[in-house]
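Visitor: Structure in structure tokens, see below.
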Amino acid sequence: MRIRRITGLLILVLMVAFIVPCFAADDNEYNDFIRIVVDGKIVKVPISPFFTQDSDSDKINTIFKNNVTTGTFTGANTAGIVLKGYYQSGVGIAANSEVNGATTILLNDATLTGGAKSAIHSFHVHADTSTTPDFGLRLFGTVTDDLIQFASGGAADGIDMTLSTITGNDIVLNATSTESVIKKVVDGTGTDVTAGTIIKSYMNDADVVITGGTAEFVGLAVYGKQLAAMAGGAKSSLISAHQHSDSTTDFDRGLSLFGDVTSALYVSGANTNLLETPDTVSAGFSTGSLKDSGDSDIACDAYLTVAIAGTTYYLPLYNTLN
């Protein structure tokens, strides 16, 4: 009987010796977890320094995979991985620091060959996808400054969409806003064209074919759709250019055209006036008659002033018809 008691006690001691270390405090155990969905249920999976997931066939990339097979989800996010960064009011953030929901840092010393490309982030639609995603990237919530900011560094192009097949509009702006502003603030010294927006329209080669009686090849095309009448003296324009009221130096020109073109100005449609000014002092307009080079009077009601190769000339105007 005594031997049985001793044996049972030894067994109990051995069981405690094996079980307790499994739950002992571990300096490497962070007690964090990720949420994954298994058969429609959210399951907590602990993360520790030793936690790993599957890797791809080349054994290079660590893969986090959320394979949802059943269940109906409404309201919240259904995602392969959800990252949450919560910083409460008692947290202090030092100068030149960032508070981000997620940060990606890429170190690439690899040699890219055969057309390979590198990216800080790359998003892919799986080849087996039967339902096309509605969006490639979505942003929710209100931000104080810029929705997207290129904070530092440089690039050949800002946004390149040449490899995409866009069936609608390249950019769709907020329909509830009365205006969409593109603003460039210039600092330093400019030695070339300095503009708020530069638009370039290049043919790829001489094999490009543009055909049809209404077809055009243009640098900028503006289409306006006006369905409501202007009220209270308001006017509508396809293009409207303004000098800022805070300008301390007047612009030299309102419109500049460079290069050899067949017609400097082409006008089509039932236009009431070729030129309209709001008063008698705009656009080089003056009232009175003119004289020719022999000092003879040229009867006219008014005239426009033009400069040709640095020489001032005048175009007579008449306010009556025969």
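Visitor: So which lysines pass the test for LYS225, namely a Cα distance under 20 Å, with those fewer than 8 places away in the same chain ruled out?
Guide: LYS235
Visitor: What lysines sit close enough to LYS117 to cross-link, taking a C-alpha to C-alpha distance under 21 Å and skipping anything fewer than 8 places away on the same chain?
Guide: Leaving aside lysines fewer than 8 places away in the same chain, those within reach of LYS117 are LYS59.
Visitor: Continuing with this model, one more query. Applying the Karplus parametrisation 6.51 cos²θ - 1.76 cosθ + 1.60 with θ = phi - 60° to the phi angles of region 134-144, what ³J(HN,Hα) value in whole Hz is obtained for each residue in order, glycine and proline being reported as x?
Guide: Working through the residues one at a time gives 6, 9, x, 8, 10, 10, 10, x, 9, 10, 6 Hz.
Visitor: Here's another thing I want to ask about it. Apply the Karplus parameterisation 6.51 cos²θ - 1.76 cosθ + 1.60, with θ equal to phi minus 60°, to every residue of region 310-316 and state each ³J(HN,Hα) to the nearest whole Hz, in sequence, with x for glycine and proline.
Guide: In residue order, the calculated couplings are x, 9, 7, 10, 9, 10, x Hz.
Visitor: Now for a different question. Using mean Cβ contacts within 10 Å as the protection proxy, how do 110-123, 306-319 order, highest first? All intermediate terms of the calculation are to be shown ahead of the outcome.
Guide: Values: 110-123: 7.1, 306-319: 10.1.
Descending mean neighbour count gives 306-319, 110-123.
Visitor: Taking θ = phi - 60°, what integer Hz values does the Karplus form 6.51 cos²θ - 1.76 cosθ + 1.60 yield along region 87-94, in sequence order, with x for Gly and Pro?
Guide: 10, 7, 5, x, 8, x, 10, 6
Visitor: Then there is this: So which of LYS44/LYS84; LYS84/LYS184; LYS41/LYS84 end up more than 26 Å apart, counting from Cα to Cα? Present the calculation step by step, with values, prior to reporting the outcome.
Guide: Working: LYS44/LYS84 15 Å; LYS84/LYS184 34 Å; LYS41/LYS84 20 Å.
Over 26 Å Cα-Cα: LYS84/LYS184.
Visitor: Amide H neighbours of VAL38 under 5 Å, counting only residues 5+ apart in sequence or on other chains, H built in-plane at 1.01 Å?
Guide: Distant-sequence amide H within range of VAL38: VAL43.
Visitor: A further question on this structure: Order 292-305, 93-106 from most to least packed using the mean count of other Cβ atoms within 10 Å.
Guide: Details: 292-305: 10.9, 93-106: 7.4.
The peptides rank, most packed first, as 292-305, 93-106.
A short reminder: the numbers here are calculations on the coordinates, not readings from a lab. Nothing here was measured: the structure is a model prediction, and the numbers come from that model. All Cβ positions, even for glycine, are placed from backbone atoms using ideal geometry, and neighbour counts span all protein chains on display.
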